[in-house]
1. Arrange the following residues from fewest to most other Cβ atoms within 10 Å of their Cβ: 71, 261, 224, 195.
2. Of 77, 239, 66, 51, how do they rank once you tally other Cβ atoms within 10 Å and put the fewest first?
3. How do 229, 189 line up, fewest other C-beta atoms within 10 Å first?
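Values quoted throughout were computed directly from the atomic coordinates according to the rules given, and no laboratory measurement underlies them. None of the values given here were measured: they were computed from a predicted structure. Neighbour counts run over all protein chains shown; Cβ positions are idealised from the backbone, glycine included.
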């Protein structure tokens, strides 16, 4: 059955490959729409809560647990952007959460370059670094996502490479207690890509498979593509962000951790 699906996928992909190769004289473009859902891990604190209390917290944090994105792409470049949501109750955006969310992300798969705009407490940063190398293990398992036949791939990626723009007190505590032989924390990733769109793009930090990645599950979060538009009537502009203080990923991570530690220490002094 898997071999049969693979043959069907190749048959469907061939016209697309011909279209892409014949499209050298004009810009090939597309736009993919994704949504993500994250499970809330309340740890030991959550074990003491009632189901009603858990649902109330999930409702309050819905903007952080459920997000929508667009991925604009051509043959070599992509631009991944989160669509900003307004809280239905307060009518405001999540200003605290925005300090630790992924900013506008540009990837160039030919030069293997990442450029990402980040804003932290009103200060703009321009993160420039190499794309994270991902060693994918491809599987023959397949499934259909929308009208696309997708194949499974898995990988194990250092967690800090996936969450370098984010912050948690647990990570800070771990960083402060690190020794020389501290084991690198890894995240298991499962991705589904389609050969019907034979481009190495994908959402977020994910890329490098022989087809567009339509679904990714990593940790508590799943990102799923809901719609794809190939060569839309209106031309898509794909440009790397260019405003902010230039910095590397891990240097940005250290900057955020340092600032959060400073804020915590200042609060402790005021209370004393």
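1. 261, 224, 195, 71
2. 51, 239, 66, 77
3. The most exposed by this proxy come first: 229, 189.
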